[in-house]
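Asks: First the structure, which I've put down as structure tokens, then a few questions once you've had a look.
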Amino acid sequence: MFGLYRSLFNEDHELFRQSVRDFISKEITPKNAEWEKQKMVSREVWLKLGENGFLGIQAPESLGGLSITDFRYNAILIEELGLSGCSAPAVGFPLHSDIVLPYILHYATEAAKKKYVPQMISGEYIGAIAMTEPGAGSDLQGMRATAEDRGDHFLVNGSKTFITNGFLCDVVVVAVKTDPGKGAKGISLLILDKDMAGFTKGVPFEKVGLHAQDTCELFFEDVKVPKENLLGKIGDGFNYLMTELAQERLVVALAAVALGEYMLQATISYVKERKAFGKSISEFQNTRFKLAEMTAALEQGRIYCDYLVLLHNEGKLDSAMASAAKYNMTELQCKVADECVQLHGGYGYMWEYGVARAWADARVQRIYAGTNEIMKELIARKILK
């Protein structure tokens, strides 16, 4: 973004980018501070996103989508949200479209697609995915939520935690054990919706960052889920998760780079204006070297992510590549966040400054979508097999 020539996008992409940027500046940036106080974004903005065609663009036109299978458009949405500095929406909106919706599009029955997809595209239904459980963390095979086959329905019991879009969600893809004795082969995926008896939500968590994101626990007590809400086949849920997690980790990497670029640009502007010892902070060698280091690293990261977006378009993005991107870019994001706060001095610790909020928001990126320790394990498996 700092003079880097990007051949990834054509004129149509840039026109789309401008429409996204205009929407963000009008409907998101001015309202983010209020959303942070409320611990969630408004339902109104979800409906406006739907009205403007920014949700589920990859869904077929028959279900209300735009049939756009070029992931570069999805990348633009993620990138522009990150560049705005509003990282909570940057997590919640792409999660809905690029992480939750693909499970339904790829594995749901036709009846379930017709029931949920159009309303997810319009913004009437907000999507979430529930994998993590209290005490289990990244250990998906250690989950305890169960779904007992009762003939014409599944009976779901258990709980999930740290669920993005959790409090507002209308539809959630839930990972459950349909055969607890089979390990990974006993995991299945079900679609639950807010109207199912026994499905309740906790209050939004008090988090260190991502204050505008409604993260909470979900509870299931004898929830009857119709068989048509099974995604794919019984026992294949773990394989579906491993397949779709590559895109999820790419989404996190793209957001990380964009948010890093946002922080760097904000810091460049700040050091040009701020004076100390009779001159601009930007004239000090330490400042100049730190800015140069961050610029070089972010440009390299951007090139790498652009390459992976193109590979993903060709169906060639694998788990190890996505894990490497998620690991590298989130580590870089946190490093940039720390350096930018330092260059702001005491003001960098004030919530009114964007770098302070971005610093608080950055830390969790190394934890969700699989911890960075898990990412290194997945990379190692590929290079040592």
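What follows draws every value from the coordinates through simple rules; no lab data is involved. Fair warning: this is a prediction, and the values are worked out from it, not measured in the lab. Backbone-built Cβ (ideal geometry, glycine too); neighbour counts: all protein chains shown.
Asks: For the range 57-117 and the range 188-233, what is the centre-to-centre distance using only Cα atoms, to the nearest Å?
Replies: 19 Å
Asks: Taking only Cα atoms and a 10 Å spring cutoff, compute GNM fluctuations for the chain and point out the largest among Val156, Val208, Val336.
Replies: Its mean-square fluctuation being the largest, the pick is Val208.
Asks: Which of rounded, prolate or oblate describes the chain when judged by the alpha-carbon gyration tensor and an a/c cut-off of 1.5? Can you show the working numbers first?
Replies: Numbers: a/c = 1.74, a/b = 1.71, b/c = 1.02.
Cα axes put the chain in the prolate bin.
Asks: A further question follows. At 7 Å along the Cα-to-beta-carbon direction for both Ser67 and Phe289, put a label point, then send me their distance in nm to one decimal.
Replies: Those two pseudo-labels are separated by 5.7 nm.
Asks: With n ≥ 4 as the cut-off for DSSP H runs, can you work out [θ] at 222 nm for the chain, using -39500 (n - 2.57) per run divided by the number of residues, rounded to the nearest 500?
Replies: Values: 12 runs with 184 residues, N = 385.
About -15500 deg cm²/dmol.
Asks: Could I ask something else about it? Antiparallel DSSP bridges in the range 66-198: what percent, to the nearest 5? Mind dumping the intermediate values first?
Replies: Details: 11 of 16 bridges.
Of all bridge pairs located within the range 66-198, approximately 70 percent are antiparallel.
Asks: Trypsin sites (Lys or Arg not before Pro), restricted to the range 294-379: which are DSSP loop and have at most 10 other Cβ atoms within 10 Å?
Replies: Values: sites: Arg302, Lys316, Lys326, Lys335, Arg357, Arg363, Arg366, Lys376; in loops: Lys316.
Loop-located and lightly packed - Lys316.
Asks: Classify the range 11-125 from the C-alpha gyration tensor, please: rounded if a/c falls under 1.5, else prolate or oblate depending on whether a/b exceeds b/c. List each step's numbers first, then the result.
Replies: Details: a/c = 2.06, a/b = 1.37, b/c = 1.50.
Oblate, since a/c reaches 1.5 and b/c is not below a/b.
Asks: Now for a different question. Looking at the range 205-266, which trypsin sites (Lys or Arg not before Pro) are DSSP coil and have at most 12 other C-beta atoms within 10 Å of their C-beta? Numbers along the way, then the final one.
Replies: Working: sites: Lys207, Lys224, Lys227, Lys233, Arg249; in loops: Lys207, Lys233.
Here the trypsin sites (Lys or Arg not before Pro) that fit, given the DSSP loop and packing criteria, are Lys233.
Asks: Fully extended, how many nm does the chain gain between Ala111 and Asp318 (0.36 nm per residue separation, minus their Cα-Cα distance)? Intermediate values should be presented prior to the final figure.
Replies: Numbers: separation 207, 0.36 × 207 = 74.52 nm, distance 3.04 nm.
Gain on stretching Ala111 to Asp318: 71.5 nm.
Asks: Also, I was wondering about something else. Anyone know which of Arg144, Arg17, Arg288 comes out most mobile in the 10 Å Cα GNM of the chain?
Replies: Taking springs between Cα atoms under 10 Å, the residue moving most is Arg288.
Asks: Continuing with this model, one more query. For every other residue with a beta carbon closer than 15 angstrom to the beta carbon of Glu36, add +1 if it is Lys or Arg and -1 if Asp or Glu, then tell me the sum.
Replies: Details: positive: Lys31, Lys37, Lys39, Lys207, Arg357; negative: Glu34, Glu206, Asp214, Glu352, Asp361.
Surrounding charge for Glu36 is 0.
Asks: Computed from the mean reciprocal separation of all distinct C-alpha pairs, what Kirkwood hydrodynamic radius does the range 128-235 have, in Å? Mind dumping the intermediate values first?
Replies: Numbers: mean 1/r = 0.0720 Å⁻¹.
Roughly 13.9 Å, rounded to one decimal.
Asks: Step through the table entries Lys113/Lys326; Lys290/Lys382; Lys185/Lys207; Lys275/Lys335, compare each Cα-Cα distance with 32 Å, and write down the pairs that go over it. Could the numbers behind the result be given before it?
Replies: Working: Lys113/Lys326 30 Å; Lys290/Lys382 34 Å; Lys185/Lys207 34 Å; Lys275/Lys335 24 Å.
Over 32 Å apart, Cα to Cα: Lys290/Lys382; Lys185/Lys207.
Asks: Then there's this: Can you give the log10 of the normalised intensity I(q)/I(0) at q = 0.08, 0.11 Å⁻¹, computed with Debye over equal Cα scatterers of the range 238-384?
Replies: Those come out to -0.26, -0.46, one per q.
Asks: Helices from the chain with mean Kyte-Doolittle at least 0.5 and a Cα length along the axis of 20 Å or more, per DSSP H: which? Could you put the intermediate results ahead of the total?
Replies: Details: long enough: 237-273 (53 Å, 0.59); 285-313 (42 Å, -0.16); 319-344 (37 Å, -0.07).
Passing helices, by number: 237-273.
Asks: What net charge do the residues around Ala145 carry, taking every other residue with its C-beta under 9 Å from that of Ala145, with Lys and Arg at +1 and Asp and Glu at -1? Can you show the working numbers first?
Replies: Values: positive: Arg144, Lys160, Lys177; negative: Glu133.
My count for the surroundings of Ala145 gives +2.
Asks: Now for a different question. If each residue of separation counts as 0.36 nm, what is the full-extension length gain between Gln300 and Leu384 once their alpha-carbon separation is subtracted? Kindly include the intermediate steps, with their values, before the conclusion.
Replies: Numbers: separation 84, 0.36 × 84 = 30.24 nm, distance 2.58 nm.
Extending this stretch completely gives an extra 27.7 nm.
Asks: Another question, if that's okay. Counting pairs of alpha carbon atoms under 8 Å apart in space and at least six apart in sequence, what relative contact order in percent does the chain give?
Replies: Worked out over the chain, it gives 17 percent.
Asks: Just check the range 78-140 against the gyration tensor rule for me: Cα atoms, a ≥ b ≥ c as the square roots of the eigenvalues, rounded for a/c under 1.5, and otherwise prolate or oblate depending on whether a/b exceeds b/c.
Replies: Details: a/c = 2.44, a/b = 1.13, b/c = 2.16.
Cα axes put the range 78-140 in the oblate bin.
Asks: Only residues of the range 42-76 count here: report those whose backbone N is under 14 Å from the spot 7 Å along Cα→Cβ of Arg6, or say none.
Replies: Under 14 Å, as judged by backbone N against the label point of Arg6, lie 71-76 of the range 42-76.
Asks: Please work out the FRET efficiency for the pair Gln38 and Lys194, using the Cβ-Cβ distance as r and a Förster radius of 22 Å; give the result to the nearest 0.05.
Replies: Details: r = 19 Å, r/R0 = 0.87.
Taking R0 as 22 Å, the efficiency between Gln38 and Lys194 is 0.70.
Asks: For the chain, the longest stretch holding no GluC sites (Glu not before Pro) located in a DSSP loop with at most 14 other Cβ atoms within 10 Å is which?
Replies: Numbers: sites that count: Glu124, Glu206, Glu314, Glu352.
In short, 1-123.
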